[in-house]
Amino acid sequence: MPGGVEVIATDLDRTLIWDDYVLRPRTLEALRCAEAAGLRVIVCTGRMVQSARRVLAPAGSHQPLVCYQGAAVIAPDGSWLLHEPIERELAREVIAAVAAAGFGPNCYVDDELYVAEVTPEAERYASFQGIELHTVGDLVSWLEKGPTKLVCIGDPDALDGLAVVMRERFAGRLWVAKSLPFFLEFAAEGVSKSSAIAFLAERLGFARERTVTIGDGENDLDLVAWGGYGIAVENADPRVKALASWVCPPAAEEGVAQVIEALLDRS
C-alpha cells in the first residue's frame, strides 16, 4: 500500500463488520488509533443514518458518515450535509412497478422506514438493523415527498431478475444495485458512494490519490474504483476483487482493521 494516505473510505456490512453486526475489539482499537493519528476513516454504507450511527457509536468517531448508498452525507454532529432523494413521482412509479412484480418495497423518508404491510422479510430487515417499521397501507398514495431510497428484499435469484427489468425500465433515471445478495436498492440517478466521497473530498480538502477505498459488494464497485488505492475484502464479490489493487483478509478476520494497522505502522 502507498504511504501518505489521508483517508480510508470503507463500506460497513461485510467489510468493516461481519455477520454479528458489531465493531469487534480489534476494529474498535484500530478506529480509535486512526482517529488519534489524524487518519480519517469515513464509513460509506447503504444503511439508514440511525442504524449506521448506532453500530458506529462505540468507536467515538468524529468523521462524517455516508449513508443510503451516497444519497445522504451526515456531519459528525448529526446534521445532513447532503441529501439527494428520489423525485416523488419517479418513486411512485418505481413502487408500483416492483409491486406489480410481486415485491413490497421498503421506503425511507426522513430517516424512518415505511412499508405497505409488515412481511416476514420486512420484519427480518428491521430486526437486524434495530429499527422501527411504520405501516402505511398503499405506499403510492401515501407518499408525499421523495424518499431517500427504496429497497426490495427477497430471494437473490429473483432479485437478479428484477434488477434486469428495473435497470432497463429506469435507465438514465435511477440508480439500481444490490448491496447484499437479498437486497436490491434504488436511489436517485447519479447517487453513489463515490459521488458522496468526492463531495467530502472537495468539502474537507483531501485528495483522491491519497484515499484508500474498501468494499465487498456490487454497490461498492464505484467506491473501490474511485480511490487512489482500492481494496476488496477476501469475502467480496468477484467483480470487486477483480477491480481492486489488493485483497485484504475477510471481514470475519477484521481485514479493515489490519489495513488500518498497516497504514499507521508506515506513518
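Laboratory data are not the source of any read-out in this text; all were calculated from the coordinates shown. Since the structure is predicted, the reported quantities are computational estimates derived from the model, not experimental observations. Here the Cβ is made from the backbone with ideal geometry for all residues, glycine too, and neighbour counts use every protein chain on show.
Below is a table of values for the structure above.
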| item | result |
| --- | --- |
| MRE, 222 nm, helices only [DSSP H, n ≥ 4, -39500 (n - 2.57), over the chain, to nearest 500] | -10500 deg cm²/dmol |
| Relative contact order %, the range 88-188, counting alpha carbon pairs below 8 Å whose residues are six or more apart | 27 |
| Interchain or long-range residues, amide H under 5 Å from C248's placed H | A232, V233, E234 |
| Summed side-chain charge close to E254 - residues other than E254 whose Cβ falls under 11 Å, Lys, Arg +1, Asp, Glu -1 | -1 |
| Taking the chain and dividing mean pair separation by its residue count, relative contact order in percent (alpha carbons under 8 Å, at least six apart) | 21 |
| Shape of the range 88-188, Cα gyration tensor, a/c cut at 1.5 | oblate |
| Amide H partners (placed H, <5 Å) of V5, local residues excluded | none |
| Relative intensity, log₁₀ I(q)/I(0), of the chain from a Debye sum that treats every alpha carbon as a point, q = 0.12, 0.16 Å⁻¹ | -0.68, -1.20 |
| Lys/Arg +1, Asp/Glu -1 at C-beta; the chain dipole; positive extreme among A236, A225, V118 | A225 |
| Nitroxide proxy distance, nm - points 7 Å out along Cα→Cβ at E168 and D110 | 3.9 |
| Spacing of the two label points (7 Å from each Cα toward its C-beta) at W142 and L81, in nm | 3.2 |
